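Notes follow the structure.
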Amino acid sequence: MRSPRIPLTIAAAAAASLVLASCGGGAEDDGATTGTLDFYTNKAAWEPDFDELNATSESGADITLDTTGYSDAAQYDAFIKQSFRTDKSPGLFTWQTGPSLNELVEEDLIAQTTDIWTKAVDEGWVSPDLRDSYTIDGEQYCVPMNIAYWVMYYNKAIFDEQGIAEPTTWAELDAAAAQLADAGITPYYQTSTLFTFQWFQQLVAGTDPELYNGLATGEVKYTDPEIVDIMNTWLDQEEAGWFSDAGSTVDPAVGLKQGDYAMINFGSFFNGSLDGAGMVSGEDYDMFVIPAVNEGLEKTPVAVESGPLCVAENSSQKSLGLAYSEWWMSPEAQTAWSAARGDVAFNPQATVADPMLEELGTTVTGEGYELYDRYYEATPTPILTVALEQFGAFIANPSDPVPFLEAIQAEADDYWADQE
Amino acid sequence: MTDKTLSPKALRQRDQYRWSALGFIAPGVLIVAVLLYLPLLWTTFLSLTEYNGLGDPEWTGLANYVEMFDDPGFIGSVLNTLLWVGGTLLVPVGIGLGVALLTWNLKGGTWLRLPFLIPYALSGIGVGVIWSFILSGDGALDQALAAFGIADTPRWLVDAPLNTVVMILATAWQGVGVNALLFTIGLQSIPREPLEAARMDGANGMRLFRSILWPMLRPLTAVVVGLSIVASLKTFDIVQGMTKGGPGRDSETLALTMYKETFVNSEYGLGSAIAVFLTVVTLIASILYLRQQLSSKHGV
């Protein structure tokens, strides 16, 4: 017998579930400002560092983090987005600045931190420049979890052997690379997955910071002649054999240690990886700020990456998350964090454990340098995804850059058309 | 039996029986509806909207499908997926059949088949990690070849379509054993009489295979090939583990494109459109294939 009731039951159940699924979530803030705070992060590898910090936060703010780390960024993003629909939206979580943060703020999903920033700036705990990355429509959201400057790490033994000093101009850097290549040593590390953008970022911002900003806002096209020229410079360097095997799966820190290449352009969090690979800071490896391509620039542009710690507006732990955020900005918290993580501190009053990182922080925030947002955060996600793929394809098979740039621009055209 | 032949009491009993039957199956139906039908309906609905995972989906009709077919990267994914379908039929299924044929009648054949089964215990991602070590630019294979003086090796995971071909071979490494096992079961279930009769008539080797074994294996071949087609259409884990679809989008499959659009780009509508396309293609391929293979004219 074919009963009409079964399809009807299915339809009714499906309809009821659709209604349930479309209901928004959220919970009332319980108002607590001390206790255990549920914290979610896409930096699973940093979980022990956050746990280590609990000893300081328990005495300083009476708050303990209960950390859940995700190692897959895409899975993590989907989890956080879905959590806003439930009553389990996180009291504290890590995210990205730039368009990704704007997207959440537009939907009123993030708690404001304007008061926390005002106090921190007044106390001299953070530079007003950094506040700009956290400001949307005049208000602040989230606080900086970490800060990293993108610099050039190098293997000291190789530089010493070759008699190469830290380059202070682009011409000196080129000369060093050419000398290394002549000696049979690959000058630079590269990879064709994920971290494919940094050399492009370095070349564009170092040539003209306005051009770099224009790419992020859509005013400059990837197919503009200035960008094509820059890519051709990169192509010349690829053809000269200045970059490592893109298909290698050797850990980048291990590669630098064993001399697979002499230099690697990475964020200042890379000290932790190099230390982990058994290299000693200042003895086996060192770093320098990459000189601007265009020597006529008044200030040397330095890419900065800052990952935010955010509080969900509809979290039951909103007050607790904000209390932790306020404590997090303090010199006490940042000194402890720098010791735990081995990273530069955004708070100038904090004590940085590694002297090399302390010097870097002082240098790049001083005269003669200007900070710009890293390409990864500055670029809208759909354009970024295509750009990372296309730079990866270019790195794997260096050839006429125009088709790669056209593919990125096609996505950029779609994206900016949607924004109008 | 019709209603007219039943007494009123029997009719009442039958109705009661039907209601209680419905009561018993309702929980199961509800679970199937919520866990299987609802996601399908929801995904189909999302494919007709623009949705970034936040706020509410915005109805855009067929725009995602138009965008999907306009994207050269999507067409590349379709072609790579077809390569996977063809490749996994030729290699793991073909070699699996070969292993089964060569070992099923041998004393100790089980021990010969066993090593092929061991990799089946691994996950696709695990297989991907292992083969990445072997095939990467300075990996085990290149080092082994260098030991024999062969230095100018291909870039296994970088150049397309070579990267897809080597990933199919990695899948074959894992999949041959289970296919061999299934074919062996099929071979062992063939009745002795026709085989012996054929042998007495002088049929051996290829002749025996073509005229007796292959036709009698048909029901099992249909299942193995059908499963292989479905599995290859949704290939994801090994590609994600080895190349992440790169370089560029050179080795992307449909499942990877769906994942990237949905979870990396937060284009839930476009990702859902690809999911719907993949589901429809898989359904059509399965129905057409199984209908053709299992139709009554083949006596099954």
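Values quoted throughout were computed directly from the atomic coordinates according to the rules given, and no laboratory measurement underlies them. Everything quoted here is computed from the prediction, not taken from an experiment. A quick note on method: Cβ atoms are made from the backbone with ideal geometry, for glycine too, and the neighbour counts reach across all protein chains shown.
Values as computed for the structure displayed
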item	result
Separation of the A:Glu420 and A:Thr217 label points, Cα + 7 Å toward Cβ, nm	1.8 nm
Chain B: relative contact order in percent, alpha carbon pairs under 8 Å with at least 6 residues between	28 percent
Helix-only mean residue ellipticity at 222 nm for chain B, each DSSP H run of n ≥ 4 adding -39500 (n - 2.57), per residue, nearest 500	-20500 deg cm²/dmol
For the protein assembly as shown, with +1 on Lys and Arg beta carbons and -1 on Asp and Glu, the positive-most of B:Leu145, B:Leu6, A:Ser319 along the dipole	B:Leu6
Gyration tensor (alpha-carbon) shape descriptor, region A:81-186, a/c threshold 1.5	prolate
Given chain A, longest segment not containing exposed loop trypsin sites (Lys or Arg not before Pro) (DSSP; at most 14 other Cβ within 10 Å)	A:3-298
Selection of GluC sites (Glu not before Pro), region A:252-353, meeting DSSP coil and at most 14 other Cβ within 10 Å	A:Glu283, A:Glu295, A:Glu298
Ascending count of other beta-carbon atoms within 10 Å, so fewest first, for A:Phe270, A:Phe404, A:Phe79, A:Phe391	A:Phe79, A:Phe270, A:Phe404, A:Phe391
Stretchable slack from B:Ala197 to B:Leu11, in nm (0.36 nm times residue separation minus alpha-carbon distance)	61.3 nm
Exercise: per-residue mean of other protein chain Cβ atoms within 10 Å, B:255-263	2
For A:Lys43, residues with placed amide H under 5 Å, excluding near neighbours	A:Tyr70
FRET efficiency, B:Phe24 to B:Val66 (Cβ-Cβ, R0 56 Å, nearest 0.05)	0.75
Cut-off under 5 Å, modelled amide H: who pairs with A:Asp66 long-range	A:Leu37, A:Asp38, A:Phe39
Overall Cα dimensions of region B:71-298, principal axis frame, Å, largest first	63, 50, 27
Kirkwood hydrodynamic radius of chain A, from inverse mean 1/r over distinct Cα pairs, in Å	23.3 Å
Euclidean distance of C-alpha centroids, region A:130-171 and region B:157-201, integer Å	55 Å
Computed magnitude of the charge dipole of the protein assembly as shown (debye, nearest 20; Cβ of K, R +1, Cβ of D, E -1)	7020 debye
Exposure proxy ranking, count of Cβ atoms within 10 Å, fewest first, for A:Trp150, B:Trp111	B:Trp111, A:Trp150
Contact order normalised by residue count of chain A, Cα under 8 Å, 6+ apart, percent	27 percent
Long-range HN-HN contacts of A:Asn146 with modeled amide H, under 5 Å	A:Gly307
Chymotrypsin sites (Phe, Trp or Tyr not before Pro) within region B:132-234, DSSP loop, no more than 12 other Cβ atoms inside 10 Å	B:Phe148
Nitroxide proxy distance, nm - points 7 Å out along Cα→Cβ at B:Ser286 and A:Val121	5.8 nm
Lysines whose Cα lies under 26 Å from that of B:Lys244, excluding same-chain neighbours fewer than 8 positions away	A:Lys43, A:Lys81, B:Lys234, B:Lys260
